[in-house]
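What follows is one structure encoded as structure tokens, with my remarks underneath.
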Amino acid sequence: MAAAPRLEIAAQGAKDPRTLEFLRSSPKKLLINGKWVPARSGKTFESLNPANEEVLAEVAEAGPEDIDEAVKAARKAFEDGPWSRMTPHQRTKLLLKVADLIEQNREQLAELSSLDNGAPIMGAQGLVTSAVELFTYFAGWPTKIFGETNPSAPDMFNYTLREPLGVCGQIIPWNGPLMSASNKLAHALSTGNTVVLKPAEQACLVVLRLGELLLEAGVPEGVVNIVPGFGPVAGAALSNHPDVDKIAFTGSTTTGKEILKASVATLKHVSLELGGKSPHIIFADADMEPALNFAAIGIFGNTGQACIAGSRIFVQEKIHDQFVDGLVQRAKAHKLGAQFEPGVTMGPVVSKVQHQRVLGYIEAGKSEGATALTGGGPGPQPKGYFVQPTVFTQVRNDMKIAREEIFGPVAAVIPFKDENDAVLQGNDTTYGLAAGIWTRDISRAHKVARRLKAGTVWINCYMVLDFTMPFGGYKQSGQGREFSNHAIEMYTQMKSVFVKL
Ligand code: NAI
Ligand code: MG
């Protein structure tokens with residue numbers, strides 16, 4: 001039962017002694033009202049290392065009664081805790097303190113996150129930097145959330161107040177847990193809300209460590225509650241809770257729809273960051289080396305487990321074969337392995353379920369007549385959820401592997417004739433999260449950017465995120481925009497005040 005004896009195997013290669021120290025104090029508890037508590041049911045679940053299938057830690061499993069406690073704590077903190085009396089300057093300082101603490105614990109956070117979801121340590125380190133930037137960026141907002149004075153009759157004085165929404169339920173996935181948690185929390189806290197955060201059951205350890213840092217920074221009790229548990233139980237209890245004012249969700253489109261349905265009973269505010277099947281369009285005049293490098297990063301980065309993965313690579317007919325050769329080379333150059341093995345560039349997918357899912361898509365691709373030029377099966381490792389980076393050609397845009405989000409290292413390469421064909425095929429999807437365009441023809445680049453139905457378009461680059469730019473989906477890739485000034489609107493509401501003079 002106890003996870004400890006095998007921890008040296010489970011967390012093999014971790015260098016920061018505090019990583020093991022954190023994992024040893026298992027079972028991990030829930031953060032409710034400023035205290036670490038077991039689940040009321042006493043239940044726990046195992047958090048695994050997907051590279052070796054060993055248990056990293058046991059984690060308290062939140063049930064509906066824990067969610068209810070957490071929501072009560074968040075409500076109390078919002079209505080009459082010290083949080084509600086803090087000045088904007090104090091909120092700024094607090095968020096900067098959190099950013100500092102993340103920086104100071106950089107290695108431990110990267111290791112925990114990498115162990116839990118399988119990402120090679122370098123990738124996890126990059127996401128720690130993003131977490132620091134998120135808290136730093138949003139720390140600037142509390143002092144810049146303005147209302148307006150409005151034109152009014154001579155005997156009236158009218159103004160608006162921009163106020164927080166209240167208790168925010170936040171539900172996040174496992175593909176970049178520290179960044180997802182930091183993103184959601186920074187949004188909510190900079191705008192004065194309180195939070196019940198449900199991390200994904202596959203990778204919640206780093207989020208629990210972040211919870212410790214929030215307390216260390218001085219976030220008052222009840223302002224942030226962290227409740228790991230399973231989606232259909234803890235997640236559903238949160239999204240159905242009548243005293244939650246907003247749900248912010250990142251994950252699959254299917255679950256996003258469930259969350260939107262659940263919001264109806266009490267008309268919660270909802271923001272959704274969902275899946276994608278993003279077109280990455282390579283014109284014949286593209287600068288070939290960087291186009292190939294980014295096409296490869298776009299689909300193989302994080303083992304393809306990215307909402308913005310460029311999973312449909314459209315290549316102009318003239319350069320198709322040459323481009324495919326380059327992509328295959330780059331796929332083959334990946335070294336699969338565990339988080340800390342030297343030279344490893346690709347980790348496993350996160351879980352057995354995802355492993356079977358991704359391999360199922362690969363089989364579907366083959367049976368629909370696509371050709372796997374490289375990869376096309378599980379990795380050679382005896383343990384762990386490895387998938388070989390796979391490049392499919394002979395793909396038609398109506399095949400399953402070109403329509404559904406695979407969330408694995410599986411590229412579907414599709415030829416196109418001309419600009420119009422690229423746009424029509426690129427837009428022929430239920431998703432609309434992102435798109436990439438490679439061409440040296442500047443006016444074509446802008447024309448195509450306008451015609452693509454996607455929330456983010458990258459020209460001669462891919463997967464660049466900047467928190468000063470809004471991020472979100474067209475079509476079934478989501479609702480609302482995170483990052484930037486637009487996110488501030490999404491976490492606040494406007495009050496109109498009329499004064500008779
Ligand atoms: P999911 O969308 O079901 O899970 C994401 C989060 O939602 C987790 O915290 C989960 O516990 C929670 N959740 C699940 N069911 C819920 C419910 N009924 N009510 C409230 N919360 C719920 O995704 P899952 O099952 O982990 O992965 C399946 C597929 O979803 C992947 O293969 C991928 O295609 C897609 N996905 C997309 C992500 C993205 O960023 N675009 C992230 C994660 C998954
Ligand atoms: Mg795990």
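The values are calculated or read from the model by the stated rules, or taken from the named source; none is laboratory data. The structure displayed is predicted, hence computed values, not measured ones. Because the Cβ atoms are built from the backbone with ideal geometry, glycine has one as well, and the counts that use them run over all protein chains shown. Please note that ligands, DNA and RNA were not included when accessible areas were found on the heavy atoms of the full protein model with its side chains. Shrake-Rupley method; radii C 1.70, N 1.55, O 1.52, S 1.80 Å.
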>> Can you report the number of residues in the range 270-296 which are in contact (Cβ under 8 Å) with a residue 40 or more places away in the chain, within 13 Å of Asn460 (Cα to Cα) and open to solvent by 10 Å² or more (accessible area, probe 1.4 Å)?
In response: 4
> Only one of Glu103, Glu133, Glu69, Glu58 is at pLDDT 95 or above and either in contact with a Ser or Thr (Cβ under 7 Å, 6 or more places away or on another chain) or within 15 Å of ligand 2 (Cβ to nearest atom) (or both); which?
Replying inline: Glu58
>> When you scan the range 410-426, do you find a residue that is within 14 Å of ligand 1 (Cβ to nearest atom) and within 23 Å of the chain's Cα centre (by Cα), even just one?
In response: yes
> Which strands (runs of 3 or more DSSP E) sit wholly inside the range 130-210 and have at least 1 residues that are free of Cβ contacts under 8 Å to residues at least 60 places away in the same chain and of a type outside the set (Ser, Thr, Tyr)?
Replying inline: 194-198
>> Among the residues that make up the range 303-325, is at least one of them part of a loop (DSSP other than H, G, I, E, B), more than 16 Å from ligand 2 (Cβ to nearest atom) and of a type in the set (Asp, Glu)?
In response: no
>> From the list Thr92, Thr87, exactly one residue is among the hydroxyl-bearing types (Ser, Thr, Tyr), more than 22 Å from Ile171 (Cβ to Cβ), surrounded by 17 or more Cβ atoms within 10 Å (Cβ to Cβ) and out of contact with any His (no Cβ under 8 Å at 6 or more places or on another chain). Which is it?
In response: Thr92
> Among all residue pairs at least 6 apart or on different chains, which show Cβ distances below 8 Å where the first residue, located in the range 481-501, is under 14 Å from Val270 (Cβ atoms) and the second is of a type in the set (D, E, K, R) and open to solvent by less than 30 Å² (accessible area, probe 1.4 Å)?
Replying inline: Glu482/Glu273; Met490/Glu482; Tyr491/Lys246
>> Name the residue that is nearest to ligand 2 (Cβ to nearest atom), counting only residues in the range 396-422 that are open to solvent by 10 Å² or more (accessible area, probe 1.4 Å) and under 20 Å from Ala331 (Cα atoms).
In response: Phe407
> Is it the case that some residue within the range 310-318 is within 12 Å of ligand 1 (Cβ to nearest atom) and touching a strand residue (DSSP E or B) at 6+ places or on another chain (Cβ under 8 Å)?
Replying inline: yes
> How about the range 1-81: which strands (runs of 3 or more DSSP E) wholly inside it have at least 2 residues that are within 23 Å of the chain's Cα centre (by Cα)?
Replying inline: 30-32, 44-49, 54-60
> Out of (1) hydrophobic (A, V, I, L, M, F, W, C); (2) in contact with a Phe, Trp or Tyr (Cβ under 9 Å, 6 or more places away or on another chain); (3) surrounded by fewer than 16 Cβ atoms within 10 Å (Cβ to Cβ), the odd one out for Ile442 is which?
Replying inline: (2)
>> Of all residues being of a type in the set (Gly, Ala, Ser) and surrounded by fewer than 17 Cβ atoms within 10 Å (Cβ to Cβ) in the range 327-358, which is farthest from ligand 1 (Cβ to nearest atom)? Just the residue, please.
In response: Gly343
>> Give all pairs with beta carbons closer than 7 Å in which a residue from the range 249-269 that is part of a helix (DSSP H, G or I) meets a residue that is within 16 Å of ligand 2 (Cβ to nearest atom); count only pairs at least 6 apart in sequence or on separate chains.
In response: Thr255/Gly231
>> Phe78 - would you say it is buried (at least 18 other Cβ atoms within 10 Å of the Cβ) and touching a Lys or Arg at 6+ places or on another chain (Cβ under 7 Å)?
In response: no
